1. Just check chain B against the gyration tensor rule for me: Cα atoms, a ≥ b ≥ c as the square roots of the eigenvalues, rounded for a/c under 1.5, and otherwise prolate or oblate depending on whether a/b exceeds b/c.
2. I want the antiparallel fraction of DSSP beta bridges within chain B, as a percent rounded to 5.
3. Note the full-extension length gain between A:Thr58 and A:Ala98 as 0.36 nm times their separation in residues minus their Cα-Cα distance, in nm to one decimal.
4. What is the diffusion coefficient of the range B:1-61 in µm²/s, taking the Kirkwood radius over Cα pairs and the Stokes-Einstein relation at 10 °C with a viscosity of 1.306 mPa s?
5. Treat every Asp and Glu Cβ in the range A:177-280 as -1 and every Lys and Arg Cβ as +1, leave all other atoms uncharged, and give the resulting dipole magnitude about the Cα centre to the nearest 20 debye.
6. Among B:Leu76, B:Leu166, B:Ala51, whose Cα sits farthest toward the positive end of the charge dipole of the range B:50-180 (+1 at Cβ of Lys/Arg, -1 at Cβ of Asp/Glu, about the Cα centre)?
7. How would A:His113, A:His164 line up by accessible area, probe 1.4 Å, largest first?
8. In deg cm²/dmol, rounded to 500, what helix-only [θ] at 222 nm does the protein assembly as shown give when every DSSP H run of at least 4 residues adds -39500 (n - 2.57) and the total is split over its residues?
Amino acid sequence: MKKDLLGIGDLTRDEIYLILDTAEAMREIGQRPIKKVPTLRGKTVVNLFYEPSTRTRTSFEIAEKRLSADTLNIAVATSSVLKGETLADTAMNIEAMAPDVIVLRHASSGACHLLSRICRSRVINAGDGMHEHPTQALLDAFTIREHKKRIEGLKVTIVGDLLHSRVLRSNALLLTRLGADVCVCGPSTLVPIGIERFGVRVSTSVDEAVDEADVVMMLRIQQERMQGAFFPSLREYFNTFGMTTARVARAKPDVIIMHPGPMNRGVEISSEVADGPYSVILEQVANGVAVRMAVLYLLAGGVEGD
Amino acid sequence: MPAVLDAVRINRTLTRIAHEILERNAAPGGVDELALVGIRTRGVPIARRLAKAIHDINGHEIPTGALDITLYRDDLMRHAVGPQPVIRRTEIPFSIDDKRILLVDDVLYTGRTIRAALDALIDFGRPKSIQLIVLVDRGHRELPIKADYVGKNLPTSLSQSVQVRLQEIDGRDEVEIQES
């Protein structure tokens, strides 16, 4: 493993499998009466979140605590960032207190790479702008593998706001690297230019995209990142691209429906589907803890050539 | 170097230990409270063989689990170089509360693995007792730990290493001393 986890782009196929296999062992810890092992005792992990987050932040914090690390959370709303401190200054000040790992979420793509260059601490990307969200893609792969026993050769369809989605980028990189057949679908205004370079197929018809899919992954419409009108109305979006029971029926009978959360019910996914028998959305959340424990454990060790 | 123990002697040794276990836990209800926990990697097949040997003697099914102690190792974060050791699954599919746990490993050396295993076990509950079974005791303890059942005491020097090979993992049964 490298010093930091900045994106799926930096991981080899073997490293991805190592993380998934380690997560397999970590999951068992969450089922014990005492959900804690002493592995990262005396290590300090700083969770630095410049964007709102429930799932990812909680998941990282639980993962850190289960490994006995000392954790602290810096929510930007109550920090000196509001007084105008730059990311680099904040990072160097935190670094001066010698943490071992910094988990960063930031609205700007590449923020983690900046931190990685100026910090000795290990940096984990918990989502940077529209770039990557590697731990989400890893937990998605973990969930898929659990259900399908493999990733290679599966048809995975990703539907939604492709343009603003870091989850899409990380998943496209990871799933194609492991040999899945990835099809992406969304309104043409929300399809980023050059997306084919990820090795994915683009479809503008959700019915065609979902046809015979093994996995359907829905992406959130990220209204907070939208400056302009990308589609006429949320209702029209739902009618054209929303995941409904009728559309799920086109997929394979054992399809699983995924969503990285938070969901907009009635926009990208209907409640029947979100709460339905094919949905593994809450399993994704549960698996997130094990996957993040694996990443923390593997990064906290040595680095080859360090 | 010739093998110190071959397949026949390993088999005979484990049968002897199975008898010793039954003898020492002969108090009423004692056998019902027994459970075997093998330390990964080679403690696990030894634990399974002991369970089978006990079953062959008196028909009792002793619950058997597997423990990975990697996350409890005291040297885990000491080395700044090299990747982390691979973690495998811990599988203890029964409650260890009020059980007499028979902890099983292949080689007893510094005692640090056993220290880690004791910490790990205690995180699963409060057993009535923990007894230690090892196939080979090679000496050189660094912690105050002693085995309750020993297959073979093997005096070694620090420059030597003891290699236990088992059918289930290595394709054959033998114990060998190697000069390193």
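The values are calculated or read from the model by the stated rules, or taken from the named source; none is laboratory data. In this text the structure is predicted, and so the values were computed from the model without any measurement. All Cβ positions, even for glycine, are placed from backbone atoms using ideal geometry, and neighbour counts span all protein chains on display. What goes into the accessible areas is simple: the full protein's heavy atoms, side chains included, and nothing from ligands, DNA or RNA. Shrake-Rupley method; radii C 1.70, N 1.55, O 1.52, S 1.80 Å.
1. oblate
2. 30 percent
3. Contour length minus Cα-Cα distance gives 12.1 nm.
4. For the chosen part, D equals 127 µm²/s.
5. Its charge dipole is roughly 300 debye.
6. B:Leu76
7. A:His113, A:His164
8. Value at 222 nm, helices only, nearest 500: -10000 deg cm²/dmol.
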